[in-house]
Structures are given as C-alpha cells and as structure tokens.
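Structure first, then comments.
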Amino acid sequence: MNKLKTLFLAWQDPNSRSWFPIGRLTFDGANYQFVYTQGAKEAQEKCGFQPLLSFPRLDEVYTSTHLFSVFSNRLMPRSRPDYSSFIQWLNIPEHEDGPIAMLARSGGQRETDTLTVFPCPAPDEEGRYHLHFFSHGLRHLPQSAIERINRFEPGEKLWLAHEFQNTFDSQALTLNTEDHYIVGYCPRYLNSEIFELLRRNPSLVEVRVERVNQPPTPLQFRLLCNLSARWSEENRPFSGLEYQPLIAAAAIAMP
C-alpha cells in the first residue's frame, strides 16, 4: 500500500507580503488530488485572493492521474543539461527524484508568481519531524555572511532568533551561526508553526546545515537546512484550521 504524500500550496499577497496556505495536494501512488483549504478563504477575505485558473472553484475536489500543470510547470525537465546538478543541489538521491519529492525540497517557487509549495512531514522512528528548506533572503546579506555560508560543513548547527522589530513579518526568524553571523531566514510560510513551537519549548527545535552548494549555484539554492522538531500527537505540524480542506468530502486522512 502506498503511503499518502502531501504538499501544501501557499500564496503570498503581493501588497501585504503575507503568506496563506491556500491548498493541499495529495498523491496516493496512482492519483493526485487538489483541494482548497480554509487558508484560501482567509486570503480571499483579507487580501482579495482569487481562485487559480487551474482550479477555478473553491468548493471542488480536483482529481487526476497526472500532476496538475500548476505544479508540473514548477519542475525542472529531465531533458535539461543541468538536471543532474539540480538534483545534487536538492540533495535527493537520483532514484528518489519523483515530482512530489522535487517539489517538496525545491519549493517550486518561480520569480514570476506568488506561489510556493512545502511538504507536510511525517514523524521518523524517534517521533521527530524533519523539514528541509533553503535559507531565504541571502541576496540581502553582506558578502561576509555569504563567505561564512560557503565555509559551512554539513551538520553544523544553526540557531533561530526572533526579529521582534521586523516591520514586514512580526514572526520573522533569522538563521544564525555560533560565531554570530546571520545567514538568512526561515521561510515565512513556516514561521507560524515553528514560532509556536519555539514559544512553548525552544529545545524542541534544532536546525543544522544539510548541504552548501558552492558558487556559481544561485543564492536561492545555496544553503539547504534541515530542521528537526518534536510536535505532540495532539498538536501535529500543519494541523491548524487554515490547513483543513474547505470541502468536507476531501477530508482524507493526513499522514
């Protein structure tokens, strides 16, 4: 039996820069299903979000044996000469480079729109959840910070710090080194989940360097991080109201 794989689709309001989880994509090994979540309703009410052209109705369950174009268009074609390099950047074994795995690791974000994807993690044998993400905001860092990133070793520990006075995101979390370099930001669409966990018990969260892709790799794929955390069974990651499907018929079991 195939294990259900789940990705969330997040939308960023271009004016407020706020992120909303607007949809959920699942794959059971044979069929893909997309459904809007309660976050889409919140984005519509607060920021005027309009349904995507690929999914024009908020109250419908979309099913297909092929990956929907809004997601497949975010994948690098295997025919590209730099495909194998891209897989290395993502640190995915080539035999595991299915579309869901690639989207989960890369974020599927393009410069031309306001969408990104991220996975719903499952606990490992020890009950820890792992989230991989590329450090954000590197183009705003001083050259000294970029040079520090380029010297990272896999497994090096990073610390999260709250930027209380960040006017763009009140829950902004910076990634910091032991020798006090800021080396980017935790993705904003993850902040509310991680922030709540840190507020309850900072020792529940740990971030380490997974991989550094040396120049000339683009900065957006330079620093791959591995965040591991312990959520309780009663309070699993991405289980809040905004992640729940808008239509009851799509309330299939979450992993």
- Task: Answer with yes or no whether Glu111 is surrounded by fewer than 19 Cβ atoms within 10 Å (Cβ to Cβ), over 14 Å from the mean Cα position of the chain (by Cα) and under 30 Å from Asn166 (Cα atoms).
- Result: yes
- Task: Test Ser228 against the stated conditions and say whether it is small (Gly, Ala, Ser), under 15 Å from the mean Cα position of the chain (by Cα) and either buried (at least 18 other Cβ atoms within 10 Å of the Cβ) or not in a helix (DSSP H, G or I) (or both).
- Result: yes
- Query: Within region 43-79, can you find the residues that are of a type in the set (Asp, Glu) and touching a Pro at 6+ places or on another chain (Cβ under 9 Å)?
  - Reply: none
- Message: When you check Leu67 against the structure, is it buried (at least 18 other Cβ atoms within 10 Å of the Cβ) and not in a strand (DSSP E or B), yes or no?
- Response: yes
- Message: Just to be sure before I move on: is Phe164 assigned to a loop (DSSP other than H, G, I, E, B), surrounded by fewer than 15 Cβ atoms within 10 Å (Cβ to Cβ) and not assigned by TED's automatic domain parsing to the domain that holds Ser18 in the structure I sent?
- Response: yes
- Item | Criterion (among the charged types (D, E, K, R) and within 29 Å of Asp82 (Cα to Cα)) met by exactly one of Glu163, Glu147, Glu126 | Glu147
- Query: List the pairs whose first member sits in region 45-62 and is in a loop (DSSP other than H, G, I, E, B) and buried (at least 16 other Cβ atoms within 10 Å of the Cβ), whose second member is of a type in the set (Asp, Glu) and at pLDDT 95 or above, and whose Cβ atoms are under 8 Å apart, counting only residues at least 6 apart or on separate chains?
  - Reply: none
- Item | Check on Glu242, outside the structural domain of Trp159 (by TED's automatic domain parsing) and in a helix (DSSP H, G or I) | yes
- Among the listed residues Val209, Val205, which satisfies the condition of being surrounded by 15 or more Cβ atoms within 10 Å (Cβ to Cβ), more than 28 Å from Glu111 (Cβ to Cβ), of a type outside the set (Asp, Glu) and within 18 Å of the chain's Cα centre (by Cα)? Val205
- Message: Restricting to region 177-217, count the residues that are more than 14 Å from Leu138 (Cα to Cα) and assigned to a strand (DSSP E or B).
- Response: 7
- Message: Residue under question is Ala145, and the condition is that it be surrounded by 13 or more Cβ atoms within 10 Å (Cβ to Cβ) and outside any loop (DSSP other than H, G, I, E, B); does it hold?
- Response: yes
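Among Thr116, Thr174, which is surrounded by 11 or more Cβ atoms within 10 Å (Cβ to Cβ), assigned by TED's automatic domain parsing to the domain that holds Pro51 and in a strand (DSSP E or B)? Break it down stepwise before answering.
Details: Thr174 fails: assigned by TED's automatic domain parsing to the domain that holds Pro51.
On inspection, the qualifying residue turns out to be Thr116.
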- Task: Filter region 70-109 for residues that are assigned to a loop (DSSP other than H, G, I, E, B) and among the charged types (D, E, K, R) and give the result.
- Result: Arg74, Arg78, Arg80, Asp82, Asp97
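Limited to region 1-26, what total is found for residues that are more than 17 Å from the chain's Cα centre (by Cα) and either in contact (Cβ under 8 Å) with a residue 60 or more places away in the chain or over 20 Å from Ala172 (Cβ atoms) (or both)?
Of all residues in region 1-26, those more than 17 Å from the chain's Cα centre (by Cα) come to 1-4, 14-16.
From what is left, the residues that are either in contact (Cβ under 8 Å) with a residue 60 or more places away in the chain or over 20 Å from Ala172 (Cβ atoms) (or both) are 1-4, 14.
Residues meeting the conditions: 5.
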- Please specify each residue of region 11-24 satisfying the condition of being surrounded by fewer than 23 Cβ atoms within 10 Å (Cβ to Cβ) and either small (Gly, Ala, Ser) or out of contact with any Ser or Thr (no Cβ under 7 Å at 6 or more places or on another chain) (or both). Asp13, Asn15, Ser16, Arg17, Ser18, Trp19
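The values are calculated or read from the model by the stated rules, or taken from the named source; none is laboratory data. Remember, predicted model here, so these are calculated numbers, not experimental data. Note: ideal-geometry Cβ built from the backbone for every residue, glycine included; neighbour counts use all protein chains shown.
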